[in-house]
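K.L.:
Shown below is the structure under consideration.
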Amino acid sequence: MQTNISTPAICYGEILWDILPDGPQPGGALLNVAYHLNKLGVPTSLVSKVGNDIDGRKLENLMSDWGIPKHLLQTDAEHPTSQVIAKMNNGNEVSYEIVFPVAWDFIGDSESIMKQLKPSTYLVYGSLASRNNVSRNTLFQLLESNAIKVFDINLRPPFMNRDLLDDLLRKADIVKFNQAELEMVQGLFRGSFGKESEQVKFIQQHFNIPEIIVTKGEFGASYYKHDKAYHVAGREVKVTDTIGSGDSFLAAFIANHYRGVEPGSLLKNAIAMGGFIATKKGGCPQYQLAEYQNFINQIF
């Protein structure tokens, strides 16, 4: 593994093929985030693992084509490249059958990865990569670093339990929830079932998390930074599918956060990116930055 490349952001987690009714698409929440961060001009590495198989080589080739640094991508001789069976439900919602075990359940070599982490590095992680103890142990070693730790909670039953979620939340500096996840965490940790601001305050205090994002689909998003709150309403868009929309939102949030954009504009840009990707097919569609900028100007 070459480790002589340092990037402002590192995504840790799954890389896979989404097997959709009309054919396979590259995916995985953390691959999606890395893809969009690189498109937005923030060089981002992906810590993951593929099998020594055709599916793995195809994903490696795509990463090369997309300009995603591969120096932290590992290969597994024993376990296959991940596949997820995706099913479209009513209203363009997606449900997933996540095959287990697969290559990214066995991410190791934490020492090499740790050398890439600086106090200014955004370390982006979800909950799914902790479903197996090998990748989970590697992640928790990385979470001891002083990087900026961004947790996209991204709950995927049955691969989650209360104690693990508690540990993952306590390590985070920034957490992204959707509304259902926010409610779920209230129930798990006996929080406030009052209005959103009270729910977020409970989480900030209980887990010592300075910054929290709540996404609300077509209704926009909110950003809570310490004791300040920012809210931006959504805009109606013509949805093709919602695959990767939340991941692209998070990528735009991180890119703007990295550049020090003020919170109101940061939130608008992130909402616009989520909406923009929802108008396209798949989690990693081809697009030009000028298209995204035009989209922002149209909806805001």
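The values are calculated or read from the model by the stated rules, or taken from the named source; none is laboratory data. Predicted model, so just to flag it, every value in this text is computed and none were measured. Positions of Cβ are generated from backbone atoms using ideal geometry, with glycine treated the same way; all protein chains shown enter the neighbour counts. Accessible surface areas use protein heavy atoms only, side chains included; no ligands, DNA or RNA. Shrake-Rupley method; radii C 1.70, N 1.55, O 1.52, S 1.80 Å.
K.L.:
Find the residue count for the range 170-187, including only residues that are within 18 Å of G246 (Cβ to Cβ) and crowded, with 17+ Cβ neighbours inside 10 Å.
P.N.:
Number satisfying all stated conditions: 10.
K.L.:
Now for a separate question. Of all residues in the range 232-249, which are of a type outside the set (V, I, T) and within 20 Å of D18 (Cα to Cα)?
P.N.:
Of everything in the range 232-249, those that are of a type outside the set (V, I, T) and within 20 Å of D18 (Cα to Cα) turn out to be D241, G244, S245, G246, D247, S248, F249.
K.L.:
Go through the range 51-69 and give me each residue that's surrounded by 14 or more Cβ atoms within 10 Å (Cβ to Cβ) and within 22 Å of Q288 (Cβ to Cβ).
P.N.:
L62, M63, W66, I68, P69, listed by residue number.
K.L.:
Please state which of the following conditions H79 fails to meet, knowing it meets all the rest: (1) assigned to a loop (DSSP other than H, G, I, E, B); (2) touching a residue at least 40 places away in the same chain (Cβ under 8 Å); (3) farther than 22 Å from G246 by Cβ.
P.N.:
H79 satisfies all of (1) assigned to a loop (DSSP other than H, G, I, E, B); (2) touching a residue at least 40 places away in the same chain (Cβ under 8 Å); (3) farther than 22 Å from G246 by Cβ except (2).
K.L.:
Kindly indicate the residue of the range 15-41 that is farther than 14 Å from D55 by Cα and either out of contact with any helix residue (DSSP H, G or I) (no Cβ under 9 Å at 6 or more places or on another chain) or charged (D, E, K, R) (or both) and also surrounded by the most Cβ atoms within 10 Å (Cβ to Cβ) among those meeting that condition.
P.N.:
Looking at residues that are farther than 14 Å from D55 by Cα and either out of contact with any helix residue (DSSP H, G or I) (no Cβ under 9 Å at 6 or more places or on another chain) or charged (D, E, K, R) (or both), I get K39.
K.L.:
Look at R190 and say whether it is surrounded by fewer than 20 Cβ atoms within 10 Å (Cβ to Cβ), over 30 Å from S145 (Cβ atoms), over 18 Å from the mean Cα position of the chain (by Cα) and not hydrophobic (A, V, I, L, M, F, W, C).
P.N.:
yes
K.L.:
Could you list, in sequence order, all residues of the range 108-140 that are without any contact (Cβ under 8 Å) to a residue 60 or more places away in the chain, under 18 Å from A9 (Cα atoms) and open to solvent by 70 Å² or more (accessible area, probe 1.4 Å)?
P.N.:
E111, P119
K.L.:
Tell me which strands (runs of 3 or more DSSP E) are completely within the range 82-192 and hold 1 or more residues being in contact with an Asp or Glu (Cβ under 6 Å, 6 or more places away or on another chain) and within 29 Å of G217 (Cα to Cα), or say none if there are none.
P.N.:
Output list reads 82-88, 122-126, 148-152, 174-178.
K.L.:
Separate question: State which residue is most open to solvent (accessible area, probe 1.4 Å) when the search covers only the range 222-242 and only residues that are part of a loop (DSSP other than H, G, I, E, B) and either on the phi > 0 side of the Ramachandran plot or without any contact (Cβ under 8 Å) to a residue 40 or more places away in the chain (or both). Walk me through how you get there before you give the answer.
P.N.:
Applying the first criterion (part of a loop (DSSP other than H, G, I, E, B)) to the range 222-242 yields 226-227, 233-242.
Remaining after also requiring either on the phi > 0 side of the Ramachandran plot or without any contact (Cβ under 8 Å) to a residue 40 or more places away in the chain (or both): 226-227, 233, 236.
Working: H226: 113, D227: 133, A233: 60, E236: 179 Å².
Among them, the one singled out is E236.
K.L.:
I've got another one for you. Residues being surrounded by 18 or more Cβ atoms within 10 Å (Cβ to Cβ) and among the β-branched types (V, I, T): count how many of those fall in the range 70-91.
P.N.:
2
K.L.:
Before we move on, is N154 on the phi > 0 side of the Ramachandran plot, open to solvent by 20 Å² or more (accessible area, probe 1.4 Å) and modelled with pLDDT under 95? It would help to see each step written out before you state the result.
P.N.:
Numbers: on the phi > 0 side of the Ramachandran plot: yes; open to solvent by 20 Å² or more (accessible area, probe 1.4 Å): yes; modelled with pLDDT under 95: yes.
Yes; evaluated as a whole, the condition is true for this residue.
K.L.:
Can you find, within the range 92-107, the residue that is farthest from S48 (Cα to Cα) among those that are open to solvent by 20 Å² or more (accessible area, probe 1.4 Å) and out of contact with any strand residue (DSSP E or B) (no Cβ under 7 Å at 6 or more places or on another chain)?
P.N.:
For the range 92-107, the residue satisfying everything is N92.
K.L.:
Now for a different question. Would you pick out the residues in the range 204-221 that are assigned to a helix (DSSP H, G or I) and at pLDDT 95 or above?
P.N.:
Q204, Q205, H206, F207
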